[in-house]
Amino acid sequence: PRRLRAKMAAGSGPGARELFAEGLLQFLRPAVRQLDRHVHSVRESQVELREHIDSLATELCRINEDQKVALDLDPYVKKLLNARRRVVLVNNILQNAQERLRRLNHSVAKETVRRRAMLEAGGYQGK
């Protein structure tokens, strides 16, 4: 184990760590952006679903009022409103996750710029 650590330390100087960090940041950036796009898409779907639930609940209430024969649609309306509440909760969770992703993406971009500037200042000319 000591020899392995010594070998790793010899090949992991400041330059190697910087290159590794740069590579890791370049690897993570597309994944974070893709995840952000997917979360945004799901949030849009959630909003659309919530609007459909509201419309359906309104329509059920209207049908219930217009019926000559008494149909008890209240349990269905309550189920729809419960589903709407869950959709809103999921949308809030997604919104928080998207905000964290946005901050992560910003941090990755900021760190990439900082590391690139450090590498260029150190005389390394990658690419």
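To the nearest 0.05, how large is the calculated FRET efficiency for GLU111 and VAL47 if R₀ is 35 Å and r is the Cβ-Cβ distance?
On the way: r = 33 Å, r/R0 = 0.93.
The pair GLU111/VAL47 has a calculated efficiency of 0.60.
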task = Determine the per residue accessible area of the stretch 13-70 with all protein chains present and a 1.4 angstrom probe, expressed in square angstrom.
result = 74
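Starting from the Cα gyration tensor of the stretch 71-126, take the square roots of the eigenvalues, sort them a ≥ b ≥ c, and report rounded, prolate or oblate (rounded when a/c is under 1.5, otherwise prolate if a/b is larger than b/c, else oblate). Kindly include the intermediate steps, with their values, before the conclusion.
Values: a/c = 13.76, a/b = 8.18, b/c = 1.68.
Judged from the Cα gyration tensor, the stretch 71-126 comes out prolate (a/c at least 1.5, a/b above b/c).
On the accessible surface of the stretch 13-70, probed at 1.4 Å, how many percent belong to carbon and sulfur atoms?
Accessible surface attributable to carbon and sulfur in the stretch 13-70 totals 61 percent.
The values are calculated or read from the model by the stated rules, or taken from the named source; none is laboratory data. What you see is a predicted model; the values in this text were computed from it and never measured. Glycine gets a Cβ as well: all are built from the backbone with ideal geometry, and neighbour counts include every protein chain shown. Protein only, heavy atoms only, side chains kept; ligands, DNA and RNA dropped before computing areas. Shrake-Rupley method; radii C 1.70, N 1.55, O 1.52, S 1.80 Å.
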